[in-house]
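Quick note: the coordinates plus some simple rules give every number you see, no bench work behind them. Since the model is a prediction, treat every value here as computed from it, not as a measurement. Neighbour counts run over all protein chains shown; Cβ positions are idealised from the backbone, glycine included.
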Amino acid sequence: MRPAPGEVLHFSEDPTITRFAPHVAATARQPEAYVWAVDAARAPDYWFPRQCPRAMAWVTEATSPADRALLGAGGDSRVHTIEYRWLEAMRTVRLFAYRFAASAFEPFGEHAHAMVATRPVSPLGPPEPVGDLLALHESAGIQLRLLPNLWEFVDAVADSSLGFSGIRLRNAWPRRSELHP
């Protein structure tokens with residue numbers, strides 16, 4: 001599930017939204033109100049239940065061979081990780097994608113990790129069911145790893161030359177060192 005050329009997507013578990021108004025998210029680090037969306041490259045970051053903590057890493061032009069090895073011996077160029085306790089939600093969540101005209105959005109952030117609109121926007125049509133999230137990862141060639149705790153992976157890839165993103169990490173289990181000081 002990726003946007004077509006000239007489109008961006010917003011993923012939601014709510015299939016009843018007809019108009020998106022800019023708002024300041026509860027987890028926002030900035031005071032401005034936005035409608036958030038993603039382009040094709042970042043869409044896989046949102047193939048998860050909304051509250052699911054996840055860490056993702058991928059090969060970039062600057063990735064060293066040693067850091068590429070962090071993704072495993074299989075030669076995968078992108079890895080997503082979740083905690084075991086989220087597997088059932090991955091299997092059962094009903095996730096929807098809303099399509100928008102990309103022209104209503106602009107890149108956000110230093111690395112343009114998202115697209116934002118500062119005015120209300122309406123989807124191009126009804127939301128589309130995203131479907132089986134595990135099958136979606138498989139068909140995109142993205143390795144999905146189940147871990148008991150995300151933090152070892154997060155720390156390894158955050159300090160590497162890999163591309164990296166962590167979403168909803170506040171919902172992850174605490175670091176093992178925090179559990180057993």
Original post:
Rounded if a/c is under 1.5, else prolate if a/b beats b/c, else oblate: with a ≥ b ≥ c from the C-alpha gyration tensor eigenvalues square-rooted, which is the range 98-137?
Top reply: oblate
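Count charges around V79 for me, please; just the other residues with Cβ under 14 Å from its Cβ, Lys/Arg as +1, Asp/Glu as -1.
-1
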Original post:
Given a Förster distance of 30 angstrom, what is the FRET efficiency for E88 paired with S122, based on the Cβ-Cβ distance and rounded to 0.05?
Top reply: 0.35
Original post:
Remind me, relative contact order of the range 92-140 in percent, using alpha carbon pairs under 8 angstrom and six or more residues apart?
Top reply: 46 percent
**OP:** Among S160, W173, T81, flag the residue with its Cα farthest along the positive direction of the charge dipole of the chain, charges on Cβ as +1 for Lys/Arg and -1 for Asp/Glu.
**Re:** W173
**OP:** Using a cut-off of 13 Å between beta-carbons, work out the net charge of the residues near A101 (Lys and Arg +1, Asp and Glu -1, A101 not included).
**Re:** -1
Original post:
With springs only between Cα atoms under 10 Å, which of R42, R91, R19 fluctuates most in a Gaussian network model of the chain?
Top reply: R19
**OP:** Would you mind ranking E7, E88 by Cβ crowding within 10 Å, fewest neighbours first?
**Re:** E88, E7
**OP:** Can you tell me how much longer the chain between A140 and E32 gets when fully stretched, taken as 0.36 nm per residue apart minus their C-alpha distance, in nm with one decimal?
**Re:** 35.5 nm
Original post:
With +1 on each Lys and Arg Cβ and -1 on each Asp and Glu Cβ, how big is the dipole of the range 1-79 about its Cα centre, in debye rounded to the nearest 20?
Top reply: 100 debye
Subject >> Cα-only Debye scattering, the range 53-145: base-10 log of I(q)/I(0) at q = 0.14, 0.19, 0.23 Å⁻¹ >> reply: -0.76, -1.12, -1.18
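Which loop GluC sites (Glu not before Pro) in the range 108-181, with loop taken from DSSP, have no more than 14 other Cβ atoms within 10 angstrom of their Cβ?
Values: sites: E110, E138, E152, E178; in loops: E110.
Answer in residue order: E110.
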Subject >> Candidates Q30, Q143, Q51: whichever shows maximal mean-square fluctuation once the chain is modelled as a Gaussian network with Cα springs under 10 Å >> reply: Q30
Subject >> Correct choice for Kirkwood radius over Cα pairs in Å that was computed from the model, options [x] 16.7; [y] 17.4; [z] 19.9 >> reply: [y]
